[in-house]
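The next block holds one structure in the form of C-alpha cells; read it before the comments.
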Amino acid sequence: MEISFEGIVIRPWSVKDAERLAIIANNKHIADNLRDGFPHPYSIKDAHSWLNMVIPINDPPKFFAIIYEQELAGSIGIVTKEDIYRKNVEIGYFLAEEHWGKGIITKAVKAATAYAFSKFDIVRVYAEPFADNPGSRRVLEKAGFRCEAIFKNYVIKNGEIKDSCIYSVLREDFIYKVII
C-alpha cells in the first residue's frame, strides 16, 4: 500500500530501507527533537532493530517511510491509543536534514492524518513537539493542526528541562483529501 500526495509517497517500511534509514537518522539535530527512545548515534544495528520491531506489527500500516524523488527521506507514524484515549492517534515524524524547508514533511503529515481518519475509528490526531522546535510546530500548523497547550517544564531532553506543546486536529476540521 502506498499513499501518493503532492509529490511525495508514504509507504510501509521494508527491511531494504535499513541502510538509508541509518544514514538519515544518524543526525544529532533530528535526535535532539525526538524522544529519548530514538538513539544517537543511530547505527545500522539500530535501523535493523527498529525495522524488525515495526514491520511484523504494521498491519494495518501505522509506520511509514517517506519517499521523495524516489529516495527514502524520512519517517512518519501514527500510534493508536487505548482505554479512554482510544479515539485518538498520536503522529510523529522526522525528515532527513537535507530535505528540511521543502514542504515534504507537511505533505507527509497531511497524508498520514488523512489516512488515520479514513482507516481508524478516531476523532482526533495529535502531536507533541518540543516548544523550542519552531520547524515542527510550523509543519503542524501548515497541516491544519492547532496548538492546544504549552506545558511548562514538562519534559527533559539532553539534561535540560523544556516546555512541550500539544497540537491536534479534529476529524470535522480536517480538510485534506488524499487518495488511499
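Once the Cβ-Cβ distance between TYR154 and LYS87 is put in as r, and R0 is 41 Å, what FRET efficiency do you end up with, to the nearest 0.05?
It comes to 0.95.
So which lysines can LYS110 reach, going by Cα to Cα under 16 Å and dropping same-chain residues fewer than 8 places off?
Counting by Cα, and skipping residues close in sequence, LYS110 has these lysines nearby: LYS62, LYS102, LYS119, LYS142, LYS177.
Determine the alpha carbon to alpha carbon distance for each of LYS87/LYS152; LYS81/LYS107; LYS45/LYS107 and list only those over 32 Å.
none
Where in the stretch 74-98 does the amide nitrogen come within less than 17 Å of the point 7 Å from the Cα of ASP121, taken along Cα to Cβ?
80-89
Here are several values of Rg/Rh (Cα atoms, Kirkwood Rh): (i) 0.93; (ii) 0.96; (iii) 1.33. Which one was derived from the coordinates shown?
(i)
So what's the net charge close to PHE151: Lys and Arg +1, Asp and Glu -1, counting the other residues with Cβ under 12 Å from its Cβ? Walk me through the numbers on the way to the answer.
Details: positive: LYS152, LYS162; negative: GLU128, GLU148, ASP163.
Around PHE151, the surrounding residues sum to -1.
Which whole-angstrom value gives the distance between the alpha carbon centres of the stretch 105-136 and the stretch 21-75?
Result: 17 Å between the Cα centres.
Please list 37-43, 156-162 highest first by mean number of surrounding beta-carbon atoms within 10 Å per residue.
Values: 37-43: 14.1, 156-162: 11.0.
Packing order, densest peptide first, comes out as 37-43, 156-162.
Determine the sum of side-chain charges near SER136: Lys and Arg each +1, Asp and Glu each -1, restricted to other residues whose C-beta is under 12 angstrom from that of SER136.
Taking every other residue near SER136 into account, the sum is -1.
For the stretch 3-125, what's the relative contact order in percent, using C-alpha pairs closer than 8 Å and at least 6 residues apart?
Numbers: 183 pairs, mean separation 33.8, N = 123.
For the stretch 3-125, the relative contact order is 28 percent.
Quick note: the coordinates plus some simple rules give every number you see, no bench work behind them. Bear in mind the structure is a predicted one, so any value in this text is a computation, not a measurement. Virtual Cβ from ideal backbone geometry, glycine too; neighbours counted across all protein chains shown.
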